[in-house]
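Nothing in this text is a laboratory measurement; each read-out follows from the coordinates by a stated rule. Keep in mind that what you see is a predicted model, and the values were worked out from it rather than measured. With ideal geometry, Cβ positions are generated from the backbone for all residues, glycine too; neighbour counts draw on all protein chains shown.
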Amino acid sequence: MAEGINEKLQTYVDTLNSMDDMKDRYTWLMDFGKKSAIVPERMKLKEFEVPGCQSQTWLIPHFFYNNDVSKIYFTADSAALISKGMVCMLADVFSNSTRDEIKKFDKSSLEGLNLNTLLTSGRRNGVYSMLQVIQSYGQYKD
């Protein structure tokens with residue numbers, strides 16, 4: 001069975017929280033962004049831009065249907081490496097989920113990432129904007 005949203009999120013929580021030094025966490029996040037797939041320029045459309053981010057950030061949904069089950073996958077990119085690391089991490093956490101699973105996600109689950117100490121308030125707001133965009137796709141009807 002596929003790993004669920006909370007399980008995938010917990011993997012990232014454990015990874016980041018295993019690092020004592022905040023600089024190591026930033027470095028890991030930026031490296032994660034660097035290693036993530038690049039979104040082709042033709043996909044960086046205004047409709048996929050995440051509002052409220054300090055740098056241009058795109059979150060692109062891909063819908064797949066199999067035996068009456070609809071799943072959503074996300075690709076993501078950003079002009080800034082920290083934002084790219086965060087949006088790609090969230091894209092991975094929520095990919096391969098159903099709309100219902102996304103809808104039921106409780107944003108307080110993100111607290112384990114310790115965003116208050118990891119990111120500035122502007123970047124934290126951007127992360128919650130990313131989550132809001134992801135959850136908006138959970139509201140669509142098939």
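Among (1) assigned to a strand (DSSP E or B); (2) without any contact (Cβ under 8 Å) to a residue 60 or more places away in the chain; (3) closer than 17 Å to Val127 by Cβ, there is one condition Phe74 misses while meeting the rest; what is its number?
Looking at each condition in turn, Phe74 falls short on (2).
Only residues in region 34-50 that are touching a residue at least 12 places away in the same chain (Cβ under 8 Å) and under 19 Å from Gln132 (Cβ atoms) count as the first member; pair them with residues that are in a loop (DSSP other than H, G, I, E, B) and not acidic (Asp, Glu), Cβ under 9 angstrom, at least 6 apart or cross-chain, and list the lot.
Phe48/Val39; Val50/Gln56
Looking only at region 108-131, how many residues end up being in contact (Cβ under 8 Å) with a residue 12 or more places away in the chain, more than 11 Å from Leu9 (Cα to Cα) and not hydroxyl-bearing (Ser, Thr, Tyr)?
So the answer is 11.
With the requirement that a residue be in a helix (DSSP H, G or I) and of a type in the set (Asp, Glu), what does region 96-139 give you?
Asp100, Glu101, Glu111
Looking only at region 61-71, filter to residues that are in contact with a strand residue (DSSP E or B) (Cβ under 9 Å, 6 or more places away or on another chain), more than 19 Å from Tyr128 (Cβ to Cβ) and not charged (D, E, K, R); which one of those is surrounded by the most Cβ atoms within 10 Å (Cβ to Cβ)?
Ranking the candidates gives Ser70 first.
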